[in-house]
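The values are calculated or read from the model by the stated rules, or taken from the named source; none is laboratory data. Bear in mind that the values here come from a model prediction, so they are computed numbers and not experimental data. Neighbour counts are summed over all protein chains in view; Cβ atoms, including those assigned to glycine, are modelled from backbone coordinates with ideal geometry. These area figures cover heavy atoms from the full protein model, side chains too; ligands, DNA and RNA do not enter into them. Shrake-Rupley method; radii C 1.70, N 1.55, O 1.52, S 1.80 Å.
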Amino acid sequence: MMQPFMFPEKSLGDDLVSALRRLNPWWEGRPGVQLPSTRRHLVRQIQRRLETRLAPIVVVRGPRQIGKTTAQLQVLQDLLDAGVPPRQILRVQCDEIPAMMGQSEPILRVVEWFERVILGKTLNEAARDGEKTFLFFDEVQNLRSWAEQLKHLVDTSTTQVVVTGSSALRIEQGRDSLAGRITGIESGVLSLTEISLFHGTPLGDPFLQDNGLGVLAEDSFWRDLASHGRTVSSARNAVFKEFSDRGGYPLVHTHQNVEWAALADQLNETVIKRVIQHDLRVGERGRKRDAQLLEEVFRLACRYVGQSPAAATLAREARRSLNANIGDQRATHYLRFLGDTLLLRLIDPLEIRLKRKGGNAKICLADHGLRASWLQEMIPLDADGLEANPHLSDLAGRIAESVAGAVLSTVNGLDIAHLPERGKDPEVDFVLTVGTRRIPLEVKYQRTIDPQRDTRGLRAFMEKEANNAPFGVLVCREDYTLSDPDIVALPLSTLMLLR
């Protein structure tokens, strides 16, 4: 009988083999990097999908530096602690191994090497023998044809794969190729319930459980959420103050004793500049992108946070700042490029009856801390901070709208849009589509609420039968009770308890 051919380690190249062994110290009985004791809800979300095995590939998508790698390592460590043999786990940090870039079909070549040199059998042979295998690929979008390779891998092998990525565009392109083979998780910066763990003021689990969106179409869910927020209001307000002061990146809460100026510099270097100078310039087409223009468009996005600026406005301001010939289309393309990195979320206008109405995308930053670090301008969101700085209220309202959009954008599977003002119809900040229902949501972030004026957009939307909107949600600065039975009022801090 012909014996299977065993590739020697050098078939991958010494540099790549050395990097793989360093990334997988458990193969040799050595400890991995020290992991924080605090865990994001993302860890349990990944574990739940691995346990249910709804699809062979779990895709986690989110901006850089929000803790995707840490969550992946914590999931991996839990597998080892549960008794999974180390040789049955492979992890690859795709953006930190230059040697992989020179490989033809690098994912498949690395897995073949793993099977022969580490696992000692094929993935299918391991499955036949009752041995579960787990493959982790971090920042996978940096590899050419990654989706096609993973498709071939899971179509021909029984295994489970966890993939993370920080490019919306490239991950979405992969999603198209991997239809039916993936289950996705949308991740943003820390939620309020997660920030609470860093500060010793736990707020419990996310109010929206990770088991479907149907409850969002029921007004009772939103009323229960508002009631829950009032119940934990003391802790909620304390944690929201921490979010107001520093934003939601893990870095700023794991280094609570470091002054903001130093943390802001770190955010600029490791998040914004990393994206602009590296991520958006990967590949031949990317190298043609103007880093200076990318920085300027990001600055404009920070200035127009929570708003829907026209392409002509962005182009005009970019021309003025850079003294260069920049057209409307180019400015729009660069804004979309930034959206693809998930540094910001672009909320498109609502489509009704398959016809897109006029309007521009609404800009919601991944985190208001990025705006504070890039513009060197911190705007308070908490009630006490705004009472002390009432002149900042209007700007705080736009940032609050951005925060609401960012929170809603990271609810897995939720369809979110905004409705621009059209004729006599007032605008609606956000419209959530859940099944056949649409839920309008307005952000009114001021000291006092006018029950008539501030709910006009919600009521106008609900009155149109075609919208099928049974109720509306009003997001305020503080707890507030409306007499209107069809509108649920809750503060932004309570909305943030969803995640």
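Heavy-atom accessible surface of the chain, averaged per residue, reaches 45 Å², computed with a 1.4 Å probe.
Please name whichever of 200, 416, 451 sits farthest to the positive end of the charge dipole of the chain, dipole taken about the Cα centre and charges placed at Cβ: Lys and Arg +1, Asp and Glu -1. Checking the options against the dipole of the chain, the answer is 416. DSSP finds beta bridges in the chain, and of those with both partners inside it, around 35 percent are antiparallel. Take every Cα pair under 8 Å whose residues are at least 6 apart in sequence, average their separation, divide by the length of the stretch 384-499, and the relative contact order is 20 percent. What is the antiparallel percent of DSSP beta bridges lying wholly in the stretch 340-499, to the nearest 5? Here the share of antiparallel DSSP bridges comes out near 65 percent.
According to the calculation over all Cα-Cα pairs in the chain, the P(r) per 20 Å bin from zero is 22, 53, 23, 2, 0 %.
Exposure check, 1.4 Å probe, all protein chains in place: residue 303 carries approximately 100 Å² of accessible surface.
Between residue 446 and 477, the built amide H atoms are under 5 Å apart, and every one of these is 5 or more places off in sequence or on another chain.
Projection of the Cα convex hull of the stretch 202-336, averaged over all directions and equal to a quarter of that hull's surface, yields 12.1 nm². Scaled to the globular estimate 2.2 N^0.38 Å, the Cα spread of the stretch 258-341, given as radius of gyration, is 1.14. Taken about its Cα centre, the stretch 354-499 carries a charge dipole of roughly 700 debye when the Cβ of each Lys and Arg holds +1 and the Cβ of each Asp and Glu holds -1. By definition, a body whose alpha carbon gyration tensor gives a ≥ b ≥ c is oblate when a/c is 1.5 or more and a/b is not larger than b/c, and the stretch 181-241 fits this oblate description. Dividing the alpha-carbon radius of gyration of the stretch 359-499 by the rule-of-thumb value 2.2 N^0.38 Å gives 1.04.
Heavy-atom accessible area, probed at 1.4 angstrom with all protein chains present, ranks 121, 362, 288 as 288, 121, 362, highest first. Ranking of 26, 260 by solvent-accessible surface, largest first: 260, 26 (1.4 Å probe, protein heavy atoms only, all chains present). Per-residue 3J(HN,Hα) values for the stretch 84-90, derived from phi via the Karplus relation 6.51 cos²θ - 1.76 cosθ + 1.60 with θ = phi - 60°, read 5, x, x, 5, 9, 10, 10 Hz in sequence order (x marks Gly and Pro). For residue 428, nonlocal amide neighbours, meaning residues 5 or more places apart or on other chains whose placed amide H falls under 5 Å from its own, are 419. Over all pairs of different C-alpha atoms, the stretch 51-108 has a mean inverse distance whose reciprocal, the Kirkwood radius, equals 13.8 Å.
Rg over Rh for the stretch 32-82 works out to 0.95, using Cα positions for both radii and the Kirkwood form for Rh.
Within the accessible area of the stretch 114-247, the carbon and sulfur atoms contribute 46%, probe 1.4 Å, all protein chains present.
A cut-off of 5 Å between modelled amide H atoms, ignoring neighbours fewer than 5 places along the same chain, links residue 438 with 469. What the phi angles of the stretch 116-128 give under the Karplus curve with 6.51, -1.76 and 1.60, with θ = phi - 60°, is a coupling list of 7, 8, 9, 6, x, 6, 6, 4, 5, 5, 5, 4, 4 Hz, glycine and proline written as x.
Taken one residue at a time, the phi angles of the stretch 363-377 give Karplus couplings (6.51, -1.76, 1.60, θ = phi - 60°) of 8, 10, 5, 4, 7, 5, x, 5, 5, 4, 6, 6, 8, 6, 8 Hz. Gly and Pro are set to x. Per-residue surface analysis assigns residue 401 an accessible area of about 20 Å², computed on protein heavy atoms at 1.4 Å probe radius. Expressed in Å, the radius of gyration and Dmax of the Cα atoms of the stretch 201-276 are 16.8, 44. Note on the stretch 323-398: dipole from Cβ charges, positive end direction compared against 337, 372, 383; the farthest Cα belongs to 337. For the pair residue 132 and residue 329, a Förster radius of 45 Å applied to the C-beta separation gives a FRET efficiency near 0.35, rounded to the nearest 0.05. Across the stretch 150-273, the fraction of Cα-Cα pairs farther apart than 20 Å, rounded to a whole number, is 63%.
Compute the helix-to-body angle for 233-246: its Cα long axis versus the longest principal axis of the chain, expressed 0 to 90° and rounded to tens. Between helix and principal axis, roughly 70 degrees.
Assuming charge only on the beta carbon of Lys and Arg (+1) and of Asp and Glu (-1), the dipole of the chain about its Cα centre is about 980 debye to the nearest 20.
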